[in-house]
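**Q** Structure below; questions to follow.
The values are calculated or read from the model by the stated rules, or taken from the named source; none is laboratory data. The structure presented is a predicted model; accordingly, all values stated were derived computationally and were not measured. Cβ: placed from backbone, ideal geometry, glycine included. Neighbour counts: every protein chain shown. SASA here: full protein model, heavy atoms, side chains in, ligands and nucleic acids out. Shrake-Rupley method; radii C 1.70, N 1.55, O 1.52, S 1.80 Å.
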Amino acid sequence: AEHATARVPASMIEGVGQRCIDRRPNVRALAIERLSQLYRSVRATAAGSKVRFVPSAILASIHLEGGSNVAAVDAAIAAMLPSPNRTANAAANDTGAKKGGKKGKAAT
C-alpha cells in the first residue's frame, strides 16, 4: 500500500522543514512535531527518501534562541527513533529465526 506522502511533492515537505528554523516559536514547534511524526511513519517506506533530511532540519533548530529549543528537539528526535523494546524484540526474533533456519537445514 502506498503511503499518502508519496503523492506530496518533496518540495512541500522540504518547505515544512525550513519552518524548523522559523523565527516564531509556535511555528517552529509545530513543524518539528509534525515532521518527527511524518519521519517515523514513512522512513521505512518507498516515500522515505522524501524525509531523509528531517533529522538534520530538526537538529538545526537546537541553537535558536540560545538553545531554549533543546527540550523540543530532544522529544522530537526520541519520537523518531524506534522504541528500545521493539528493537530488542526484533533482534531476538531475528536470532531465533536464524537458529531455527540452521536446525532446519541440518535436519534435511
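**Q** Provide the net charge surrounding E65, with neighbours chosen by a C-beta distance below 10 Å and charges set as Lys +1, Arg +1, Asp -1, Glu -1.
**A** Local charge sum for E65: +2.
**Q** Using C-alpha positions alone, give me the convex hull volume of segment 20-66 per residue in cubic angstrom.
**A** Enclosed volume per residue, from the Cα hull, is 57 Å³.
**Q** Next question, about the same structure. If packing is taken as the mean number of other Cβ atoms within 10 Å per residue, what is the order of 24-34, 8-18, highest first?
**A** Answer by packing, highest mean first, reads 24-34, 8-18.
**Q** Turning to a different aspect of this structure: For segment 1-83, with equal point scatterers placed on the C-alpha atoms only and solvent neglected, what are the log10 I(q)/I(0) values from the Debye formula at q = 0.24 1/Å, to two decimals?
**A** So the normalised log intensities are -1.12.
**Q** Can you give the accessible area per residue of segment 1-83, in Å², using a 1.4 Å probe?
**A** On the way: 4970 Å² over 83 residues.
For segment 1-83, the solvent-accessible area averages 60 Å² per residue.
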